[in-house]
Amino acid sequence: MSDATKASSVLAEPYLADGLAVAHELRVTPSTGLSAEEAAHRLTTEGPNELRGTPPVPGWRRLLAQLQDPLIYLLLAAVAISLVAWFLEGADGPPVDAIVIGAIIVLNAILGYTQESKAADAVAALSTMTAAHSTVLRNGALATIPSADLVRGDVLVLGEGDAVGADARLIFASALRVQEASLTGESAAVVKDPAPLHGNVALGDRLNMVYKGTAVAQGVGRGVVTATGMSTEVGSIADMLDSTVEAPTPLQVEITRISKMLGVLVVVVALIVMITIIVVGGISAPSDLVVVLLLGVSLAVAAVPEGLPTILTVVLAIGVQRMAKRNAVVTKLSSVESLGSASVICTDKTGTLTRNEMTIERVVTASGQATVGGVGYRPEGAVTRDGAELSADQLREVQLVLGAGSLANDAQLTEHNGDWRIQGDPTEAAFLVAARKLAGMQSGLARFERQAEIPFTSDRKMMSTLHREKDDGTLLLFSKGAPDILLAHCTRLQVGDHTVPLTDDLRRTALDEVEALSRQAFRTLGVAYRLDTDATDADVSGFDESRERDLIYAGVVGIIDPPRQEVAGAIDEAHRASIRVIMITGDHPSTAARIASDLGIVEAPARTATGTELSLLDDEQLRTLTREVSVYARVSPEHKLRLVDALQDDGHIVAMTGDGVNDAPALKAADIGIAMGITGTEVTKEAARMILADDNFATIVAAVRQGRVIFDNIKKFLRYLLSSNVGEVLTVFLGVLFAGVIGLTEASEDSLVLPLLATQILWINLITDSAPALAMGVDPEVDDVMARRPRKLTDRAIDARMWGGVLSIGLVMALVTLFSIDLLLPGGLVDGSENLDVARTAGFTTLVFAQLFNALNSRSETSSAFRKLFANPWLWGAIALGVLLQIAVVEVPFLQVAFGTASLDLDHWLLCFALASVVLWFDEVRKFILRLIGRRTTL
């Protein structure tokens with residue numbers, strides 16, 4: 001076999017070759033990885049490590065797609081009808097109606113294209129924020145890179161919780177188990193072994209390979225990337241699929257249902273209006289029939305909010321971007337709906353409710369208990385006793401405890417631009433922070449040099465270090481560990497500057513103090529020391545557990561992970577919103593109970609259920625327990641999944657936080673799975689629908705609020721669009737029905753006189769539907785969204801009360817529009833003196849202004865329009881644009897010809913404005929009545 005053939009075989013079936021041989025063929029040294037330059041070259045040559053998705057649709061196709069809509073077909077029919085009418089009338093002059101309607105079609109297409117592009121850009125930005133990352137060796141150093149930048153030959157470094165970014169041949173593995181269910185269907189995690197395999201080996205049995213799309217369940221390993229992108233095993237599966245269609249969200253389904261229902265309803269209404277016009281007004285010429293057909297088509301187009309799906313997508317995308325800026329990264333737009341409906345938030349304790357910064361708050365010595373101020377890793381705070389300075393003896397004892405604990409220590413505390421960070425165990429770091437709070441301690445500790453160490457183990461539950469004093473060479477042994485274990489190695493007790501024998505009574509007192517701290521949910525660590533004045537160099541080199549004897553007990557510290565300051569307020573806010581907060585932690589029950597009580601999750605004393613207790617309950621008993629208990633301790637990931645199922649079975653919408661690999665099933669099962677962005681693994685991030693960039697519970701509550709605001713905004717523009725469109729339909733229908741009553745019949749010699757022209761209706765639909773509706777989609781909170789109970793997913797976006805408002809506002813719009821026409825026309829209910837063109841233009845303008853006033857109404861179902869009136873500059877911008885465009889269509893000569901308008905004087909403009917404002921005042925009265933009814937029902 002030639003060298004080329006052998007190389008091809010190695011890379012084609014890497015599981016049959018030695019791992020180092022695979023690395024050699026890929027020209028990489030496993031100990032250093034690729035150079036940055038070589039990796040960049042390969043990325044350029046091979047392309048990104050991504051699966052091929054659906055090819056992007058060219059812009060011109062997306063623009064043409066805007067025309068593939070039944071309503072656009074109606075408009076095109078209107079163009080055809082107007083062209084036929086223009087031809088039958090002698091083709092005198094340009095076909096104004098056809099040109100205007102054609103222009104409206106083009107403008108609608110451009111608007112829809114722009115909105116879809118913005119939504120696509122927002123979603124693309126979101127995908128970038130949540131992109132998976134992998135750890136690799138580059139230039140001999142570990143580097144975290146986007147998984148899309150992996151190339152063949154990269155040395156992939158794997159750890160528990162990592163998502164495998166590409167297919168790789170393992171060259172090292174330690175207790176490595178990989179979950180490959182997504183690829184092979186094997187439910188159990190597969191134990192990996194780097195040894196070469198022989199013969200024809202099935203995919204699921206290739207133990208020396210890891211594959212893109214799988215997850216590390218346990219252990220660590222390293223492998224050389226052998227395939228990326230579409231060349232991976234998962235890529236070959238993806239290649240078989242032409243495309244994947246994502247199921248629409250419940251809200252999108254409802255919007256589509258509403259649009260279809262309105263489409264059918266409006267076509268029926270348009271037919272009824274057309275028949276009414278023919279019956280009431282009569283048809284005396286072919287041109288009359290053309291006018292009726294144009295009007296019917298225009299009504300059908302105007303009455304249906306065809307921009308609903310696009311506006312909905314844009315609003316959701318903008319809302320998700322806003323949430324991302326507040327550290328809540330929602331991975332799917334559909335999750336925004338669920339967020340506003342959450343009735344239960346199940347949260348971990350460490351890092352989410354607490355700072356994940358272990359802090360020493362108590363130091364108990366022979367002279368009493370001292371309190372250490374400050375929280376977290378910033379070394380700020382005072383050490384006091386009952387608010388006063390420590391006595392000399394107690395200060396000496398506290399210095400010894402914190403100093404010894406800082407020396408028997410492997411952690412590091414560093415400061416960078418005012419930000420304090422730790423490396424190592426957080427509990428050990430707590431000693432370093434506390435010691436810095438005592439003046440002069442840092443320089444005192446610098447006098448000691450470590451000579452040897454006996455490390456901590458779970459069996460020993462203590463650690464010791466040997467240090468040499470730089471000035472006189474004295475050797476000192478420092479120990480820290482579980483107090484009861486440490487006390488067994490002690491024979492004396494430190495009291496001030498001297499020591500006393502550790503009697504049984506003193507030993508019992510020390511243990512009682514430890515128990516008292518434990519009852520307060522403190523984690524306890526004892527500290528002891530011994531002078532090794534007789535130690536020799538041989539003793540230093542042979543330092544072992546035999547030296548841990550005759551120690552002097554210095555005292556015990558109480559350590560706690562302090563709650564985040566902002567969390568208590570967030571929990572109060574959740575409770576105010578009728579959202580129940582449940583703490584689920586693997587920590588000790590007493591610690592969980594205290595933190596839950598301190599934060600207001602429960603009132604002390606509260607019952608705490610443990611994982612052992614949960615294991616003994618059947619499903620029905622567990623459901624009963626979840627109704628009563630809100631704190632769960634010593635809980636495993638399997639228990640988390642059962643708790644989610646029990647709460648969902650009880651009718652709750654559940655949000656669940658998690659960070660470990662085993663949390664992924666619970667996160668997937670929850671209605672809103674929430675992964676930790678800092679401590680969370682790649683697996684949990686992939687399983688989650690939301691990622692907390694700051695691992696903070698308060699961010700969850702803020703996201704729930706934003707989710708409710710987004711849903712409120714969706715209801716706002718639905719309320720606005722539907723009521724405005726109903727107003728247009730009723731204006732034409734009632735105008736035709738009562739044409740004689742309001743003076744339309746007498747205003748013209750034509751047999752058919754309409755309150756609005758077809759082009760005017762299309763203009764109203766164009767300038768009032770899109771911009772204000774989009775502006776309402778980014779409206780700030782008007783009503784207190786956290787003062788109401790969670791919305792059920794079965795609740796309709798448009799309920800009976802909303803439909804009542806839509807119909808009543810639409811009717812008022814129609815009445816004021818027709819009344820403005822009546823005021824100006826001779827005859828009718830009120831005798832006027834203007835001609836038909838002026839009166840119709842006034843009615844046209846009144847209806848436009850009424851809809852712009854309705855934009856203010858629609859910001860809340862019950863709150864006054866004057867509440868936070870100027871909070872949304874975008875809405876005012878949209879209203880101002882609508883007013884300017886209306887002035888233009890009335891006063892600009894060529895637009896007058898296109899839309900059949902006539903100039904209005906100042907009195908006419910003021911009349912239109914005043915009559916249009918009736919819509920605002922009517923709705924203010926309606927809302928006042930609704931608020932009164934609401935207050936009475938709550939009494």
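Derivation of every value follows stated rules applied to the coordinates shown; laboratory data play no part. These numbers were taken from a predicted model, which means no experiment stands behind them. Cβ coordinates were reconstructed from backbone atoms using ideal geometry, including for glycine residues, and neighbour counts include every protein chain displayed.
Assorted remarks:
- Over all distinct Cα-Cα pairs of the range 500-589, the Kirkwood formula returns a hydrodynamic radius of 17.7 Å.
- Proximal charge balance of Val782 [Cβ under 15 Å; K/R count +1, D/E count -1]: +3
- Potential lengthening between Gln442 and Ala40 on full extension [0.36 nm per residue; Cα-Cα distance subtracted]: 140.1 nm
- Within the range 861-939, the proportion of Cα pairs with more than 19 Å between them is 58 percent.
- Relative contact order of the range 359-560: 24 percent, from C-alpha pairs under 8 Å at least 6 residues apart in sequence.
- Too-long pairs where the Cα-Cα distance tops 23 Å, listed order kept, from Lys640/Lys668; Lys212/Lys325; Lys716/Lys792; Lys192/Lys461; Lys349/Lys480: Lys212/Lys325; Lys192/Lys461; Lys349/Lys480
- Within the range 359-560: Cβ-based charge dipole about Cα centre, in debye rounded to nearest 20 (Lys, Arg +1; Asp, Glu -1): 440
- Taking amide hydrogens as placed 1.01 Å from N in the peptide plane, the amide H of Leu176 sits under 5 Å from those of Lys192, Val220, each at least 5 positions away in sequence or on another chain.
- For the peptides 142-153, 806-817, 28-39, the ranking by mean Cβ contacts within 10 Å, running from highest to lowest, is 806-817, 142-153, 28-39.
- For the range 315-322, putting each phi into the Karplus relation 6.51 cos²θ - 1.76 cosθ + 1.60 with θ = phi - 60° gives couplings of 5, 5, 5, 5, x, 5, 5, 5 Hz, in residue order, rounded to whole numbers and with x for Gly and Pro.
- Local electrostatic count, Arg447, Cβ distance below 13 Å [Lys/Arg +1, Asp/Glu -1]: -1
- Model label zone, Ile678; criterion: amide N under 12 Å from point 7 Å along Cα-to-beta-carbon; scope the range 594-608: none
- Hz values of 3J(HN,Hα) by residue in the range 379-390 - Karplus curve (6.51, -1.76, 1.60), Gly and Pro given as x: x, 10, x, 10, 9, 9, 10, 6, x, 10, 5, 6
- Distances between placed amide hydrogens fall under 5 Å for Leu390 paired with Arg385, all partners being 5 or more residues away or on another chain.
- R0 of 35 Å, Cβ-Cβ distance Asp784-Val830: FRET efficiency to nearest 0.05: 0.20
- Over the range 359-560, the fraction of Cα-Cα pairs per 10 Å bin, rounded to whole percents and listed from the shortest bin up, is 9, 37, 39, 14, 1, 0.
- Rg [Å, one decimal], Dmax [Å, integer] - the range 530-660, C-alpha atoms: 22.4, 71
- FRET efficiency estimate (nearest 0.05) - Cβ-Cβ, Arg576 to Arg627, R0 22 angstrom: 0.60
- Among 622-628, 323-329, sorting by the average number of other beta carbon atoms lying within 10 angstrom of each residue, highest first, gives 323-329, 622-628.
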